[in-house]
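For reference, the structure discussed in these notes is given below.
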Amino acid sequence: MAQRLLVIEDEPTLARLLSYNLAQEGYEVAHEDHGTAGYDRAVKEQFDLIVLDLMLPGMNGIDILDKLRGQGIRTPIIVLTAKNTEEDVVRGLKSGADDYMTKPFGVSELLARVSAVLRRVSGATEEAPVSTGTAGSTIILGQLEIYPERYEVTLGGQSINLRPKEFEVLLYLARKPGVVLTRDDLMNAVWGFDYIGGQRTVDVHVSSLRKKLELDPESVHIDSIRGVGYKLVVNKQRTPVA
């Protein structure tokens, strides 16, 4: 059965070009040219991947991303932006995008990225957690508890709302607490060896994670090792204040 893709793009020429070329690659392609309509369709129907423009009428791409991820919809999303600025890239990644492309771009590059993301998602396998004090597949490190099967995290008993990629970054760090992991380690583990984006993607997600872990920084935090990467530091003996 052909994989289903949703293209949410309001520029007619580009939308036709993308839809045609994706269909030629064997995908079943649906298209919406309005943000609200695209969001509604992404919620109501099952898609394997979404190509999402950030500048849309009705509801912009960032709002669509926020709402979809907020509802727990983890469909892979590649965002398209006409602005070649770091701010747009960071906003898209923080909102839960799996990849991004800046207009103008070559169709062949988009096709390669679509294929890479789909391959990464379909081939993703979760290694058995290496943890101290586990209950089932739960990872428990001090006051930090991670539930891989449910994509849920608690710190000191309080739930932390993480985007899918933020969760995967934290999960990878938590499987090797205290060990310095390079940006390449994280990139390959979370985004895959064939990910075309740069290491800035890792930095953005780690920065966002740090802010969310400030709920209890004495219990757990992420250290930067200049020129190398990151490590998760956990105080397992800390007792929460009553």
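Largest to smallest in accessible area, the residues Arg210, Arg200, Arg4 fall in the order Arg200, Arg210, Arg4 (1.4 Å probe, all protein chains included). As I understand it, the value is the acute angle between the Cα axis of helix 12-24 and the longest principal axis of the Cα atoms of the chain; what does it come to in degrees, rounded to 10? Tilt of helix 12-24: around 80 degrees.
Can you quote the Å³ per residue value for the convex hull of the Cα atoms in segment 1-67, rounded to an integer?
Residue-normalised Cα hull volume stands at 66 Å³.
Annotation: the antiparallel percentage among DSSP beta bridges lying fully within the chain is about 50. Per-residue ellipticity at 222 nm computed for the chain from its helices equals -11000 deg cm²/dmol, with DSSP H segments shorter than 4 residues left out and the rest contributing -39,500 (n - 2.57). Within the full protein context, the accessible area of Ser108 is estimated at about 90 Å² for a probe radius of 1.4 Å. If one takes the longest principal axis of the Cα atoms in the chain, at what angle in degrees, from 0 to 90 and to the nearest 10, does the Cα axis of helix 200-213 lie? Orientation of helix 200-213: about 50 degrees from the principal axis. Our Cα-only numbers for the chain put the radius of gyration and Dmax at 18.9, 61 Å. Among Lys44, Lys103, the sequence by solvent-accessible area, most first, with a 1.4 Å probe is Lys44, Lys103. The charge dipole of the chain, taken about the Cα centre with unit charges on the Cβ atoms of Lys, Arg (+1) and Asp, Glu (-1), comes to about 660 debye, rounded to the nearest 20.
Think of the chain as a dipole: +1 on every Lys or Arg Cβ, -1 on every Asp or Glu Cβ, centred on the Cα centre; then among Ala189, Gly58, Met101, Ala189 lies furthest on the positive end.
Spin-label pair Arg200-Gln71: with each label point 7 Å from Cα along the Cα-Cβ axis, the two points sit 3.1 nm from one another. Our summary of shape: the Cα atoms of segment 140-187 have principal axis extents of 31, 22, 15 Å, ordered from largest down, in whole angstrom. Here each label is just a point 7 Å from Cα along the line to Cβ, and for Glu218 and Tyr20 those points are 6.4 nm apart. Solvent exposure of Val206, expressed as accessible area, is near 0 Å², computed with a probe of 1.4 Å over the protein chains only.
The values are calculated or read from the model by the stated rules, or taken from the named source; none is laboratory data. Just so we're clear, the structure is a prediction, and the values are computed from it rather than from any experiment. Cβ atoms come from the backbone with ideal geometry, glycine included; neighbour counts cover every protein chain shown. For accessibility, only protein heavy atoms count, side chains too; no ligands or nucleic acids. Shrake-Rupley method; radii C 1.70, N 1.55, O 1.52, S 1.80 Å.
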